[in-house]
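The values are calculated or read from the model by the stated rules, or taken from the named source; none is laboratory data. The structure displayed is predicted, hence computed values, not measured ones. All Cβ positions, even for glycine, are placed from backbone atoms using ideal geometry, and neighbour counts span all protein chains on display.
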Amino acid sequence: MSVLPFPSFLDDVKEKGLKKAVFEVANESVERLTAGMNIQDLREALRGDAPSRRPNPRLTPHADSFWLHMRPSYYNSEVTGLYPTFRLGWLSTYFVFFETITGIFLMLWYTPSPEIAYGNMLSILNNVPLGQFTRDLHRLGAEAMVLIVFLHMLRTFFTGSYKRPRQFTWFTGFILLVLTGFLSFTGYLLPWDQLALWAVTIGASMAEAAPFVGEQMNLLLRGGPELGANGLLRFYLLHVLALPALLFVFTGVHYYKVIIHGHSLPPRSENIGEDSAKRVPLDKRVYFIPDVLTSELMWVGVSTFIMVVLVIWFYHAPLEHHANPLDTPLGTTAPWYFLWLQGMLKLGDKTFWGVVFPTVLLAFIAGVPYLDVTPSRRWADRRFALSVGLVMLAVTVVLSYMGLAKFGIKTSADTTVLHELTFEPAHNHMGMLLPVPYDQLVVGAYTTAEFTSDDPDAVANFTETITADGGMDAIIAELNAQHLPVQSVRFSNVPADAVELRHVMQEYANMIEEHGDELYNGYGVLIITQNQNGLKRLDPIVLWNEIELDAGYVVLDADGKPIPVLDENGDPVGRISSTHIFINENSGYFD
Amino acid sequence: MLQRMLIEKIESRILVGTAMFLGLMLLVGWVMIKEESRMREVDIQHRAQAVERGAEIFAASCATCHGADGLGGPRAPALNNPQLFGHNFFAEVDSEIAKIEAIPAEVDSIQATLNGEEQILSTDREALESRLAAIYEEYGEDLNGVDQRLTELAAERQSISNQIQGAVDKGYNPEEYDRLAQVAWGSTLDAFLSGTISAGRPVSASYWPEPMAAWSQSFGGQMRGDEVANLTAYIMNWDRADWSVEDLLAVNQFAVVPVVGVLAEAEEVDVLSRLDDILALTGDPQNGQVLYTQQACQGCHLGGIIGPDTVGTWTRINDVRLQDETLAGYTAHQYLLESIIDPAAYIPEGYAAGQMPANFGNLSDQELADLMAYVESQDQ
């Protein structure tokens with residue numbers, strides 16, 4: 001007779017006692033949650049014991065549960081080690097989830113509008129607890145993911161794992177690589193700072209080079225002739241919606257294909273056409289539960305731990321100043337993973353090198369398994385394919401180097417020197433003057449002449465010289481033109497206790513000497529003025545004599561000397577160039 | 001070696017994994033603990049960098065009129081200016097004066113309470129008595145000390161007044177020490193500045209050589225929202241807790257109280273002397289009509305709704321207005337000119353005062369002659 005008018009748990013308690021009844025309920029719940037493994041099974045699995053029940057309860061979750069239905073119930077022991085997979089495929093998947101989770105948190109604080117996006121970034125940094133932390137994780141994860149996915153492809157190539165029957169797996173993997181690149185690229189724009197705007201402008205302008213459709217594609221992508229509100233919204237929607245959706249679909253297809261054909265074994269263990277990957281001999285089976293599962297959970301912990309350690313101590317996502325379509329920063333480049341493309345554009349015709357060639361190249365990579373149909377995966381039989389792969393890798397590295405701003409683009413020496421002194425912080429680098437402690441920025445006028453000679457009267461001599469040759473007037477005129485109204489400038493030695501400032505002035509002098517050919521008879525001055533309480537203005541000015549230049553490069557005479565340009569009186573022509581920055585005592589560049 | 005699991009024993013894997021997750025929790029917790037101070041620090045840095053950016057914009061776009069040091073000039077008022085930040089140089093001495101002035105009344109009130117009929121608690125009585133004793137001790141039983149102190153304070157006030165005389169000569173009004181109160185601004189200084197920068201102030205054309213332009217892109221200017229914010233941060237950075245008299249004296253140019261024409265206190269307009277000059281010229285009624293349209297006269301005078309009708313004005317002046325006793329001795333031209341450049345002088349029956357702007361005196365003599373010639377043609 002039931003305790004209640006219907007059968008219930010209380011009947012069990014009455015019949016078996018409380019302890020046993022509760023245990024049975026718990027056991028049953030665990031078995032349902034794990035889709036087949038009860039408490040005893042779990043304990044055995046985690047202890048590393050053999051399963052005590054038949055049929056093996058560790059296989060049931062693979063058959064009955066959603067989460068494990070695609071995971072193989074056992075692996076070949078030849079693929080569970082570091083080689084041949086290097087865990088790269090697993091890591092790629094890990095980063096898909098890692099980026100999704102951190103990205104969702106960032107989405108909470110972000111609005112895709114040029115009016116507020118940058119303000120959102122600032123507030124993520126200074127008003128959202130763990131905001132900077134999450135952003136750093138997301139950014140670092142994105143860069144790592146591009147690298148990992150690329151390495152995964154390299155590994156697949158070098159082990160020949162793309163060969164029959166895994167051709168289509170390679171193809172979907174190639175799509176995932178492209179999607180990863182685009183995801184990273186679209187995310188690049190979202191902070192709406194100078195770095196974002198210009199890297200993406202350069203990247204997107206490559207689309208413009210496409211014949212016939214280039215202009216339309218560019219318009220579609222940017223939402224207008226310039227990147228603006230429409231472009232930002234498009235990039236945002238691509239980044240959070242369209243591309244992730246495609247990525248998830250293709251991740252599913254890719255993994256399904258991996259499982260269908262079995263993880264590819266090391267080349268020596270698997271011959272083309274043999275189904276050895278799917279038929280794992282009993283003595284080589286490594287079961288998913290518990291071995292692979294514990295290993296994966298451990299790697300989740302280890303990877304996340306490494307990421308967290310990196311963002312706490314070693315990496316902070318850059319945030320430059322607000323995007324300004326009117327001001328192109330010196331040395332702008334595309335994101336590093338597109339540098340090869342930028343390097344290629346420097347080779348010549350924009351349409352050929354920017355569109356046709358990369359398309360052919362990508363099509364070639366996508367089609368590798370259909371082109372290379374040789375029947376062996378062993379290195380000895382793949383000399384040609386491996387050579388092609390290595391050459392392409394080397395070319396990519398060289399092209400990426402050529403994509404750097406310093407390659408092939410001649411910046412005038414004065415611009416370079418002034419830029420080195422004052423450029424705004426990006427990627428933990430900044431102009432030399434910025435990290436000088438505020439109290440060492442002693443108001444006054446200083447010259448590099450003090451640092452190029454041992455003469456104690458160097459500054460006095462310098463003043464005398466430039467007063468005579470008109471340099472002083474030029475400096476004052478330049479300052480006035482730059483809205484710093486001064487009538488006179490009195491040069492002095494840099495105070496001895498301003499160690500950092502002395503150091504920067506020394507570097508300043510060195511840089512001018514280094515560019516001595518172009519900055520002929522050149523010297524630099526630095527004027528520091530107090531602008532407001534706690535705010536100083538720094539005006540570095542470079543003066544030199546004009547010399548003959550050809551396409552930005554110095555023309556040398558027979559003796560290897562630059563040729564000064566002379567005016568109608570036969571005097572050298574003086575040139576001057578300046579910039580200025582403001583430094584607030586609380587800006588914290590010098591931490 | 002490469003082909004084995006990196007950590008081969010399952011218990012080691014569980015141990016490492018657990019240690020990693022615990023480590024993660026510790027690290028994130030540690031980050032969380034430091035988060036408050038980190039955010040504060042970043043906030044300070046961002047504000048500081050906003051000032052730097054604002055300084056660049058100010059030097060490039062604002063310094064020309066407002067002065068490189070923000071002290072103003074003949075084209076625009078000072079921003080590095082105690083008045084903008086509402087500093088009252090008399091605050092201390094005035095509050096002291098108010099305190100001292102209240103003492104005789106306080107003594108009366110204490111005595112009334114002590115000698116009154118109402119019962120008071122003994123502790124209250126003691127407190128009042130000791131307060132009274134303290135006052136007597138400081139200012140004497142006859143309170144002579146109060147007057148003496150007030151004389152001292154008045155001298156002190158006068159001395160401050162003398163010190164700032166230089167600024168008063170340049171247009172500073174010590175009674176209106178707060179710019180925001182002066183213009184009856186109901187919000188913060190920050191909002192006042194960014195609002196003025198963003199939208200400009202077209203009306204300032206009437207008292208500066210050029211009006212303050214609208215700078216924000218939302219108002220047709222060139223600055224983005226963040227640039228306006230940075231510029232505002234830079235101007236706000238001129239504020240200091242200890243404004244000195246020297247700061248005030250350094251100001252080259254104080255702000256003007258913005259006034260709309262009709263509300264301005266009418267200056268003495270010398271109609272007659274101007275009339276002679278104007279009548280010496282020949283007015284062109286054609287050009288007068290153009291001016292009539294340009295100055296939007298018909299907006300009010302069309303159909304006689306807000307001001308008297310354009311049609312038939314000249315007839316009405318002669319037949320109706322000049323019959324009014326208050327206008328005895330006026331000629332028709334004198335009346336017409338006065339009505340244009342000093343409209344408040346006479347309001348015809350049936351119309352409200354203060355409707356017509358008082359700034360048509362800005363027109364040149366020739367323009368006024370043209371305009372009058374046009375009105376004269378309205379004699380139907």
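Conditions tested, residue by residue: (1) under 43 Å from the mean Cα position of the chain (by Cα); (2) within 30 Å of residue A:264 (Cα to Cα); (3) surrounded by 18 or more Cβ atoms within 10 Å (Cβ to Cβ).
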residue	(1), (2), (3)
A:15	no, no, no
A:18	no, no, no
A:22	no, no, no
A:32	no, no, no
A:56	no, yes, no
A:64	yes, yes, no
A:68	yes, yes, yes
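The listed residues are A:345, A:319, and the only one of them that is hydrophobic (A, V, I, L, M, F, W, C), within 26 Å of residue B:50 (Cα to Cα) and surrounded by 19 or more Cβ atoms within 10 Å (Cβ to Cβ) turns out to be A:319. State yes or no: is residue A:77 over 20 Å from the mean Cα position of the chain (by Cα), surrounded by 15 or more Cβ atoms within 10 Å (Cβ to Cβ) and at pLDDT below 90? Yes: the conditions hold for residue A:77. Residues in segment A:224-241 that are modelled with pLDDT of 95 or more and loosely packed, with under 14 Cβ neighbours inside 10 Å were compared, and the one that is nearest to residue A:110 (Cα to Cα) is A:237. On the stretch given as segment B:47-64, residues that are at the interface with another protein chain (Cβ under 7 Å from one of its Cβ atoms) and either over 29 Å from the mean Cα position of the chain (by Cα) or of a type in the set (Val, Ile, Thr) (or both) total 1. One residue is enough: does segment A:500-512 have a residue meeting the conditions assigned to a loop (DSSP other than H, G, I, E, B) and either surrounded by 14 or more Cβ atoms within 10 Å (Cβ to Cβ) or not hydroxyl-bearing (Ser, Thr, Tyr) (or both)? No, that holds for no residue.
Given (1) more than 14 Å from chain B (Cβ to nearest Cβ); (2) in a loop (DSSP other than H, G, I, E, B), identify the lone condition not met by residue A:339. Failing condition for residue A:339: (2). Give the residues of segment A:355-375 that are touching a Gly at 6+ places or on another chain (Cβ under 9 Å) and over 13 Å from residue A:162 (Cβ atoms), sorted by residue number. The answer is A:355, A:375. Given the structure, is residue A:282 more than 30 Å from residue B:225 (Cα to Cα) and surrounded by 20 or more Cβ atoms within 10 Å (Cβ to Cβ)? Spelling it out, it is not the case that residue A:282 is more than 30 Å from residue B:225 (Cα to Cα) and surrounded by 20 or more Cβ atoms within 10 Å (Cβ to Cβ).
For segment A:34-54, filtered to residues that are in a loop (DSSP other than H, G, I, E, B) and aliphatic (A, V, I, L, M), the residue that is surrounded by the most Cβ atoms within 10 Å (Cβ to Cβ) is A:37.
Would you please name the residue that is nearest to the other protein chains (Cβ to nearest Cβ), looking only at residues in segment A:477-499 that are within 24 Å of residue B:55 (Cα to Cα) and surrounded by 13 or more Cβ atoms within 10 Å (Cβ to Cβ)? Within segment A:477-499, the match that is nearest to the other protein chains (Cβ to nearest Cβ) is A:483. State yes or no: is residue A:217 out of contact with any Ser or Thr (no Cβ under 6 Å at 6 or more places or on another chain), modelled with pLDDT under 95 and either basic (Lys, Arg) or surrounded by fewer than 20 Cβ atoms within 10 Å (Cβ to Cβ) (or both)? The answer is yes for residue A:217. Taking the condition closer than 30 Å to residue A:274 by Cα and in contact (Cβ under 8 Å) with a residue 40 or more places away in the chain, does residue A:248 pass? Criteria not met by residue A:248.
Selection of helices (runs of 4 or more DSSP H) fully inside segment B:54-173 by the criterion of at least 3 residues being aliphatic (A, V, I, L, M) returns B:91-101, B:103-115, B:122-139, B:144-163.
Within segment B:1-46, the set of residues being basic (Lys, Arg) and at the interface with chain A (Cβ under 7 Å from one of its Cβ atoms) comprises B:4, B:13.
Report yes if residue A:324 is at the interface with chain B (Cβ under 10 Å from one of its Cβ atoms), among the polar types (S, T, N, Q), surrounded by fewer than 20 Cβ atoms within 10 Å (Cβ to Cβ) and in a loop (DSSP other than H, G, I, E, B), otherwise no. In short, yes.
Looking across segment A:557-589, the residues that are more than 30 Å from residue B:38 (Cβ to Cβ), among the aliphatic types (A, V, I, L, M) and either buried (at least 17 other Cβ atoms within 10 Å of the Cβ) or in contact (Cβ under 8 Å) with a residue 12 or more places away in the chain (or both) come down to A:563, A:565, A:573, A:576. Exactly one residue out of A:426, A:458, A:474, A:413 is surrounded by 15 or more Cβ atoms within 10 Å (Cβ to Cβ), more than 14 Å from every other protein chain (Cβ to nearest Cβ) and closer than 28 Å to residue A:195 by Cβ, and it is A:413. Under 30 Å from residue A:557 (Cβ atoms) and under 33 Å from the mean Cα position of the chain (by Cα), is that true of residue A:512? Yes; evaluated as a whole, the condition is true for this residue.
Look at residue B:227 and say whether it is assigned to a helix (DSSP H, G or I), within 12 Å of chain A (Cβ to nearest Cβ) and at pLDDT 85 or above. Criteria met by residue B:227. Residues in segment A:99-133 that are touching a residue at least 40 places away in the same chain (Cβ under 8 Å) and away from every other protein chain (no Cβ under 13 Å) were compared, and the one that is surrounded by the fewest Cβ atoms within 10 Å (Cβ to Cβ) is A:107.
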